[in-house]
Amino acid sequence: RGHPSRTHGSSLEGFVAPSPRGVLPSMVPEVAAAAPVPGGGSYPEDGGGGGGDQRAAEEVLVPLHHWVGTWVAPLLCLGRAASEDGADGESRLSEGQPATIQGGQGSSEEGATGILQWCRESIDQAASSMEPIQLPGLDLSQSLRNHTFFALGGTSLADLISQREWTEVYPTVEDWKKEICNHISGSNVAIRTSDGRTIEGIFVPRSYDGPLQDLEMANGSLSPRNRLPSPAGVVLFHANAMVGLDMYEYAQWYRHHGMHVLLITMGGYGDSEGEASELTSYLDADAAVMWLSSTKGIPLERILAHGLSIGGALAAAVAYRRPGVHVTVDQAFVNAHEVAHNVAHTRFDGFVPHWAVSGVVEASFPLGLQAVAEEGVVYTTDGYNNETKLKACKGSLFVFASSADTMMPTAFARRLLQTKYATEDPLSLQPCFAEIEGSHGAFFGDQEAPATRYYDYLVGLNLIPNRRLLSQAIEEARVQGLSRKFSYGFYF
């Protein structure tokens with residue numbers, strides 16, 4: 001099916017992380033109690049005095065105990081492989097033997113230096129005894145980055161077919177594209193971005209099956225209240241572990257509800273050119289919306305940007321920079337920083353320290369980078385801060401969330417809504433929110449309740465025809481003899 005629920009997170013599933021807590025945190029106080037304090041003193045537990053040197057040592061040692069146990073140990077577990085003498089190190093630690101402290105008699109400064117040396121040695125001993133987490137050749141930063149952002153960056157469509165074991169079904173990339181295009185009545189398009197790259201897309205015209213085609217021809221002769229709304233379009237932005245072709249179900253739903261559809265594959269994904277990054281993804285989104293507007297003659301006010309997961313960030317960005325564009329964020333996040341922390345907590349069992357995750361995000365998403373898109377519109381990197389952009393966008397916002405989504409919890413969705421509409425009243429937000437039963441990547445069109453809620457919302461924006469009014473229009477056209485024989489049960 002090629003659905004995101006089949007592809008998200010598969011590379012890290014099944015590994016078991018050894019708990020670092022219970023190695024350094026339990027070891028450090030034991031060693032500290034047994035070790036003489038540099039400068040000739042000893043700890044109170046040993047019955048010694050210690051004087052000023054003792055107090056100076058304690059001022060350094062206590063926070064260092066906390067720092068080593070809380071922050072360094074998890075990183076060592078995640079990042080360092082066991083050394084050749086790991087077995088010996090484990091034996092020494094299990095026996096509780098104190099580490100040797102270099103320093104002897106001296107000043108407070110010398111005492112502090114000795115403790116730091118002891119900490120370094122203790123860290124080395126602990127690291128040599130720990131079994132590392134196996135992350136198939138990936139370090140912590142790359143694992144977290146790839147699991148949360150740009151999982152398929154640099155993966156061609158041919159490689160993706162192979163990874164998904166689809167080679168028997170789709171021997172070539174063209175076979176995959178052909179089947180999808182035939183299924184949704186689409187055609188392949190190439191879209192040029194403002195920085196000179198080409199990204200792949202599929203354009204799907206709204207369904208002109210049966211009565212809708214006849215009504216289009218007769219539209220000018222119908223009474224105003226029964227006329228079809230002018231054509232509207234939607235741009236679909238895929239999730240982290242997907243490409244544009246995977247969004248075919250979404251395209252089919254919109255097409256059958258009377259909207260033109262454009263699916264794109266983000267730069268650096270599949271066969272779209274470039275390297276996946278925050279800034280290039282913004283330019284991809286802008287190019288797609290402007291292509292749909294200029295090529296199909298659809299005003300921005302009648303364009304909807306629908307983004308799934310990380311695609312929600314693209315939808316939010318283009319809706320912010322192109323006033324009038326409506327936006328639907330589907331199981332998306334509030335910003336890169338918070339979703340990275342959430343993923344680290346849920347996927348790595350809370351072993352990754354806060355500052356380590358922050359470092360990954362800061363390295364992956366440098367702030368303040370700028371690029372100029374069509375018509376001089378400037379995009380600026382902000383760490384995928386969807387919350388800020390959606391608050392300022394002029395178009396309407398609809399939000400989907402999945403009930404069992406641990407990656408993008410429902411709290412993210414509600415925050416985005418509350419920020420945009422400046423209210424926490426659930427009744428006020430209800431028309432703009434729908435919850436899907438399932439985990440991350442669940443498709444709203446598979447379930448009646450969220451699909452109906454969303455349909456009513458789009459009808460309210462006049463982006464798709466209303467069932468009742470469409471039936472009236474069909475009857476009026478039939479009476480006037482302006483159309484062929486109608487079927488009432490077509491695709492609504």
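The values are calculated or read from the model by the stated rules, or taken from the named source; none is laboratory data. Everything numeric in this text was worked out from a predicted model, so none of it was measured. As a convention, Cβ positions derive from the backbone with ideal geometry for all residues, glycine included, and neighbour counts pool all protein chains shown. The protein model used for the area step is the full one, side chains on, heavy atoms only, and it has no ligands, DNA or RNA in it. Shrake-Rupley method; radii C 1.70, N 1.55, O 1.52, S 1.80 Å.
Suppose we filter region 324-339 for residues that are touching an Asp or Glu at 6+ places or on another chain (Cβ under 7 Å) and touching a residue at least 60 places away in the same chain (Cβ under 8 Å); how many remain? Explain how you work it out, then say what you get.
From region 324-339, those touching an Asp or Glu at 6+ places or on another chain (Cβ under 7 Å) are 324, 331, 334-335; that's our starting set.
This time we only want the ones that are touching a residue at least 60 places away in the same chain (Cβ under 8 Å), so: 324, 331, 334.
Qualifying residue count for the region: 3.
Hey, among GLU301, GLU249, GLU273, which residue is open to solvent by 10 Å² or more (accessible area, probe 1.4 Å), assigned to a loop (DSSP other than H, G, I, E, B) and farther than 19 Å from ASP382 by Cβ?
GLU273
Can you tell which of SER294, SER281 is out of contact with any Lys or Arg (no Cβ under 7 Å at 6 or more places or on another chain) and either open to solvent by 10 Å² or more (accessible area, probe 1.4 Å) or aromatic (Phe, Trp, Tyr) (or both)?
Of the residues listed, the single one that is out of contact with any Lys or Arg (no Cβ under 7 Å at 6 or more places or on another chain) and either open to solvent by 10 Å² or more (accessible area, probe 1.4 Å) or aromatic (Phe, Trp, Tyr) (or both) is SER294.
Name the residues in region 340-381 that are part of a loop (DSSP other than H, G, I, E, B), open to solvent by less than 70 Å² (accessible area, probe 1.4 Å) and in contact (Cβ under 8 Å) with a residue 24 or more places away in the chain, would you?
PHE348, PHE351, VAL352, PRO353, PHE365, ALA373, VAL377, THR381
Exactly one condition in (1) open to solvent by 10 Å² or more (accessible area, probe 1.4 Å); (2) more than 29 Å from ARG414 (Cβ to Cβ) is not met by GLY267; state its number.
Only one criterion in (1) open to solvent by 10 Å² or more (accessible area, probe 1.4 Å); (2) more than 29 Å from ARG414 (Cβ to Cβ) is unmet by GLY267, namely (1).
Look through region 382-408, keep the residues that are over 15 Å from ALA285 (Cβ atoms) and part of a helix (DSSP H, G or I), and return whichever of them is most open to solvent (accessible area, probe 1.4 Å).
By that ranking, first place goes to LYS391.
When you scan region 430-454, how many residues do you find that are assigned to a loop (DSSP other than H, G, I, E, B), open to solvent by 50 Å² or more (accessible area, probe 1.4 Å) and polar (S, T, N, Q)?
Residues flagged as assigned to a loop (DSSP other than H, G, I, E, B), open to solvent by 50 Å² or more (accessible area, probe 1.4 Å) and polar (S, T, N, Q) within region 430-454 amount to 1.
When you check GLY210 against the structure, is it at pLDDT 95 or above, small (Gly, Ala, Ser) and under 26 Å from GLY297 (Cβ atoms), yes or no?
It is false that GLY210 is at pLDDT 95 or above, small (Gly, Ala, Ser) and under 26 Å from GLY297 (Cβ atoms).
Just the residues that are at pLDDT below 95 and either assigned to a loop (DSSP other than H, G, I, E, B) or within 16 Å of the chain's Cα centre (by Cα) (or both), please, taken from region 252-267.
HIS257, GLY258, MET259
Can you run down the residue pairs with Cβ atoms below 9 Å, 6 or more apart or on separate chains, where the first is in region 408-433 and under 23 Å from ILE310 (Cβ atoms) and touching a residue at least 40 places away in the same chain (Cβ under 8 Å) and the partner is surrounded by fewer than 19 Cβ atoms within 10 Å (Cβ to Cβ) and of a type in the set (Lys, Arg)?
Filtered contacts from region 408-433: LEU416/LYS391.
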